[in-house]
């Protein structure tokens, strides 16, 4: 049984994207994108690390913290996603397992969606496109 202070949900996901970290960071930079990715959560940035990602406090359906850490790896970015939160309303164990699965699948769906859009048809083995100077 989890301690009273431990989050009920502790989700970790990693996905490699063959684009520079700044390209991935831009996908999370606009707060309007957060409502698309996590419509039932209210996020407040407590650490903006630029091309290394963001950390948020989470309110709404969940209460806790969330982080997107962007690690430069090889010719791209390893997108690390962390969600450590507890449902605002107490859930039974079976409901909590379903919520864990739903949130984990949603995280992977977001990452794979970004991969598809940001890599823009890049074939395996082909170097990523260079970031455009802003």
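Taken together, the values in this text are just the output of simple stated rules run on the coordinates, not laboratory data. Bear in mind the structure is a predicted one, so any value in this text is a computation, not a measurement. No Cβ is skipped: glycine too gets one built from the backbone with ideal geometry, and neighbour counts run over all protein chains shown.
Of all positions in the stretch 28-44, none carries a residue that is in contact with a strand residue (DSSP E or B) (Cβ under 6 Å, 6 or more places away or on another chain), under 25 Å from residue 91 (Cβ atoms), surrounded by fewer than 17 Cβ atoms within 10 Å (Cβ to Cβ) and in contact (Cβ under 8 Å) with a residue 60 or more places away in the chain. Of the residues examined, residue 23 is not one that is surrounded by fewer than 16 Cβ atoms within 10 Å (Cβ to Cβ) and over 20 Å from residue 103 (Cβ atoms). Out of 48, 13, I need the residue that is in contact with a strand residue (DSSP E or B) (Cβ under 9 Å, 6 or more places away or on another chain), on the phi < 0 side of the Ramachandran plot and free of Cβ contacts under 8 Å to residues at least 12 places away in the same chain. Which one? Result of the check over 48, 13: 48.
Among the candidates 70, 17, 74, 78, the residue that is surrounded by fewer than 13 Cβ atoms within 10 Å (Cβ to Cβ) and closer than 26 Å to residue 123 by Cα is uniquely 74.
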